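K.L.:
Pasting a structure here, questions to come.
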Amino acid sequence: MSQRSRFNVLAILIGVLSGLSAVAFHQSIHWAEDNWIYRVSQIPGWLGVLALIFLPALGGLVVGFLIKHWAPEAAGSGIPQVKAAYFLKFGRIRFRAALGKFLLGTASIGTGASLGREGPTVHLSAAIASWVGRWFGLAPRQIMALIPLGCAGGIAAAFNTPLAAIVFAIEEIMGDMKHKAFAGIVMVAVIAAVIERSLLGTDAMFQVPFHPDHMSGMSLAMSVVLGVLAGFVSHVFVECLLRARERVKLVRGRFSWMMPGLGGLLTGCVGALVYKNLGHMGVFGIGYLDLSSALAGSLGLGVLLALFVGKFLATIFSYSSGGSGGIFAPTLFIGAMLGGAVGVLAEMATHEAGLLPHVLALVGMGALFAGVIRAPVTSILIIFELTRDYNLILPIMLANLISYAIATKLREVPIYEALLLQDGINLRKFPILRPSQGWQNMPVGSIMTNTVHTLRADMSLEDAWAKIKGEGFKVYPVVDDEMHYVGLVHRKGVKIVSAESPKKQVQDIFISKSFPKVYPDTKIREAAKQFVNTEWIALPVISRLDQGRVVGVVTLHDITRQQFLQETKGD
């Protein structure tokens with residue numbers, strides 16, 4: 001089988017798996033919302049209100065504990081993690097990330113966190129694509145080429161929007177229209193969308209009223225106003241979210257895992273306040289029921305403003321505290337409430353009853369998406385495919401581009417890159433890793449050994465030797481009771497000392513944490529310099545996302561092997 005034929009076969013497999021997993025994920029969230037947060041809302045009296053407040057907090061505590069101790073990759077939306085894996089790890093994403101995203105995303109959103117399912121679906125599908133590539137023994141660069149395919153499949157199945165999925169994979173993940181995987185991206189998006197439509201139906205996600213072909217001058221004028229407002233609201237939203245997340249990241253120690261519980265508690269307070277006074281549950285979870293009502297023009301001004309403010313705050317609380325879920329759905333929700341409110345105010349000012357509330361609700365969805373996500377072409381296509389209404393394409397384009405221009409002017413760095421910068425990862429140092437750039441400038445994460453065992457500092461040398469004697473590694477990272485890196489120990493030292501003093505502990509013979517270490521985004525050139533200053537043949541690779549967590553080991557053998565591979569390619 002030729003390389004192109006094998007790639008097409010893998011694309012078909014990824015399309016099928018991403019479509020099925022996305023449908024399963026969405027059905028899981030739907031079940032969880034119905035049986036958890038919405039069922040709790042039916043409890044009468046103040047007992048129900050208290051349950052609404054504390055259920056998101058309970059869900060946040062469970063999710064936070066599991067993120068801390070089991071699946072750190074499951075935090076957040078997943079799209080920043082996918083971009084980091086694509087550029088810095090040649091597309092390597094652990095399968096545990098997919099499983100964690102599925103389970104913890106369901107638990108987080110199902111218990112009321114104001115987050116979306118679309119970003120986690122992209123992460124889930126990208127992890128599946130990475131796993132497929134590794135299962136079939138592909139080279140790192142070939143695995144890297146599969147990641148955009150998984151992303152396209154995830155978006156196509158998440159929104160039932162294959163065109164937007166194709167553009168999103170190119171616009172947000174790759175940034176390269178000439179990428180050789182373009183045909184595969186189209187194939188995967190189509191297959192995933194077909195599976196989603198076969199299982200969940202062919203209807204558009206949102207049913208909107210009929211809009212005439214000819215739009216009035218008032219509609220276009222108000223779209224300009226809405227575009228300006230959406231640009232500024234996008235900036236405020238991103239700034240608040242990033243600043244809140246930065247404060248949360250300063251909380252360290254053994255109880256840091258409880259922060260999603262605090263975010264859930266604050267979300268519960270806001271959501272319960274809105275529900276108690278207005279009877280609307282849109283602040284909790286995905287909120288598509290109230291979003292559909294806004295698009296139908298059936299919500300009053302007070303409800304629109306309350307849901308706008310409530311969702312705005314709850315999303316910041318839920319995401320910045322470290323919950324598992326994305327910002328796609330909340331962004332669409334907030335934009336629709338903003339647009340609907342502007343439409344109602346415009347009707348009140350002109351004393352004319354018409355289409356403005358639901359027209360501008362639809363336009364507002366795209367405008368805020370363009371300002372927050374910074375994917376202007378995707379934002380236009382996604383609104384068109386979500387509603388199948390082409391008649392509003394001109395006001396949507398106008399508002400989206402204005403919002404995008406203002407948000408870009410106010411803040412140059414897009415939200416996903418800003419989130420990675422907070423985690424110490426700068427993708428701008430690695431625009432696209434091509435052989436012509438020199439293998440020495442590639443990140444350590446692309447060549448490190450991931451399957452490395454760690455030893456607890458308080459472990460006896462007898463137990464440590466029993467654990468590693470069947471392994472072939474020369475050095476082993478030592479971690480404390482919170483699994484944070486504290487030093488390094490040599491295999492030979494464990495063997496010799498354990499034979500003489502088996503009851504001694506690992507911490508009695510390890511090299512302290514002052515020993516040189518590197519990070520996944522450290523350049524190979526810089527890691528090689530570290531080897532010059534030590535006689536050891538390996539360095540621990542420490543995560544910047546979870547400070548102190550050992551994610552691998554890079555050895556001299558890893559570097560020399562990479563050098564050999566590049567030289568044989570003529571680099």
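K.L.:
Being outside any helix (DSSP H, G or I) and among the basic types (Lys, Arg), is that true of even one residue in the range 138-146?
P.N.:
At the first step, the residues of the range 138-146 found to be outside any helix (DSSP H, G or I) are 138-139.
Subsequent filtering for residues that are among the basic types (Lys, Arg) retains none.
Within the range 138-146 (the criterion being outside any helix (DSSP H, G or I) and among the basic types (Lys, Arg)), the answer is no, since none of the residues qualifies.
K.L.:
Sticking with this one: Got a sec? Which of Leu10, Leu47, Leu58, Leu20 is in a helix (DSSP H, G or I) and open to solvent by less than 30 Å² (accessible area, probe 1.4 Å)? Steps first, answer last, please.
P.N.:
Numbers: Leu47 fails: open to solvent by less than 30 Å² (accessible area, probe 1.4 Å); Leu58 fails: open to solvent by less than 30 Å² (accessible area, probe 1.4 Å); Leu20 fails: open to solvent by less than 30 Å² (accessible area, probe 1.4 Å).
Answer to the check: Leu10.
K.L.:
From the list Val274, Val224, Val228, Val236, exactly one residue is within 27 Å of the chain's Cα centre (by Cα) and of a type in the set (A, V, I, L, M, F, W, C). Which is it? Explain how you work it out, then say what you get.
P.N.:
Values: Val274 fails: within 27 Å of the chain's Cα centre (by Cα); Val224 fails: within 27 Å of the chain's Cα centre (by Cα); Val228 fails: within 27 Å of the chain's Cα centre (by Cα).
None of the others qualify; the one that does is Val236.
K.L.:
Same structure again: Name the residues in the range 394-412 that are closer than 24 Å to Phe333 by Cβ and either open to solvent by 30 Å² or more (accessible area, probe 1.4 Å) or at pLDDT below 85 (or both), would you? Before the answer, list the steps.
P.N.:
Restricting attention to the range 394-412, the residues satisfying the condition of being closer than 24 Å to Phe333 by Cβ are 394-408, 410-411.
Leu394, Met397, Leu398, Leu401, Ile402, Tyr404, Ala405, Ile406, Thr408, Leu410, Arg411 - these are the residues of the range 394-412 that are closer than 24 Å to Phe333 by Cβ and either open to solvent by 30 Å² or more (accessible area, probe 1.4 Å) or at pLDDT below 85 (or both).
K.L.:
From Val303, Val309, Val359, Val372, grab the single residue that is in a helix (DSSP H, G or I) and modelled with pLDDT under 95.
P.N.:
Details: Val303 fails: modelled with pLDDT under 95; Val309 fails: modelled with pLDDT under 95; Val372 fails: modelled with pLDDT under 95.
Residue meeting the stated conditions: Val359.
K.L.:
Would you mind telling me which numbered condition in (1) free of Cβ contacts under 8 Å to residues at least 60 places away in the same chain; (2) open to solvent by less than 20 Å² (accessible area, probe 1.4 Å); (3) within 19 Å of Gly263 (Cα to Cα); (4) among the hydrophobic types (A, V, I, L, M, F, W, C) Ala314 fails?
P.N.:
(1)
K.L.:
Continuing with the same structure: So, restricting to strands (runs of 3 or more DSSP E) that lie completely within the range 467-571, which ones have at least 1 residues that are open to solvent by 50 Å² or more (accessible area, probe 1.4 Å) and either more than 30 Å from Trp257 (Cβ to Cβ) or modelled with pLDDT of 85 or more (or both)?
P.N.:
Of the strands (runs of 3 or more DSSP E) lying wholly inside the range 467-571, those with at least 1 residues that are open to solvent by 50 Å² or more (accessible area, probe 1.4 Å) and either more than 30 Å from Trp257 (Cβ to Cβ) or modelled with pLDDT of 85 or more (or both) span 485-490.
K.L.:
Say whether the condition of being at pLDDT 75 or above and part of a loop (DSSP other than H, G, I, E, B) is met by at least one residue in the range 426-437. Break it down into steps so the answer makes sense when it comes.
P.N.:
Filtering the range 426-437 for residues at pLDDT 75 or above gives none.
No, there is no match, as no residue in the range 426-437 is at pLDDT 75 or above and part of a loop (DSSP other than H, G, I, E, B).
K.L.:
Could you please find all residues in the range 275-307 being of a type in the set (A, V, I, L, M, F, W, C), surrounded by fewer than 24 Cβ atoms within 10 Å (Cβ to Cβ) and free of Cβ contacts under 8 Å to residues at least 40 places away in the same chain?
P.N.:
Initially, the range 275-307 is screened for residues of a type in the set (A, V, I, L, M, F, W, C), giving 278, 281, 283-284, 286, 289, 291, 294-296, 299, 301, 303-307.
Checking which are surrounded by fewer than 24 Cβ atoms within 10 Å (Cβ to Cβ) leaves us with 278, 281, 289, 296, 301, 303, 305-306.
If the condition is that a residue be of a type in the set (A, V, I, L, M, F, W, C), surrounded by fewer than 24 Cβ atoms within 10 Å (Cβ to Cβ) and free of Cβ contacts under 8 Å to residues at least 40 places away in the same chain, then Leu278, Leu289, Val303, Leu305, Ala306 are the ones that fit.
K.L.:
Which residues, counting only those in the range 327-367, are open to solvent by 20 Å² or more (accessible area, probe 1.4 Å) and polar (S, T, N, Q)?
P.N.:
Thr350
K.L.:
For the subset of the range 97-137 comprising residues that are without any contact (Cβ under 8 Å) to a residue 40 or more places away in the chain and out of contact with any Phe, Trp or Tyr (no Cβ under 8 Å at 6 or more places or on another chain), which member is most open to solvent (accessible area, probe 1.4 Å)?
P.N.:
Trp135
K.L.:
Looking at Tyr476, Tyr485 in this structure, which one is over 14 Å from Thr555 (Cβ atoms) and aromatic (Phe, Trp, Tyr)?
P.N.:
Numbers: Tyr476 fails: over 14 Å from Thr555 (Cβ atoms).
Within the list Tyr476, Tyr485, the selection yields Tyr485.
K.L.:
Still on this structure: May I ask you to verify whether Trp31 is modelled with pLDDT of 90 or more, aromatic (Phe, Trp, Tyr), open to solvent by 10 Å² or more (accessible area, probe 1.4 Å) and touching a Ser or Thr at 6+ places or on another chain (Cβ under 8 Å)?
P.N.:
Taking the combined requirement at face value, the residue does not satisfy it.
The values are calculated or read from the model by the stated rules, or taken from the named source; none is laboratory data. Being a predicted model, the structure only gives us computed values, none of them experimental. Methodologically, a virtual Cβ is constructed for each residue, glycine included, from the backbone with ideal geometry; neighbour enumeration extends over all protein chains shown. Quick note on the areas: whole protein, heavy atoms, side chains included, nothing else; ligands and nucleic acids left out. Shrake-Rupley method; radii C 1.70, N 1.55, O 1.52, S 1.80 Å.
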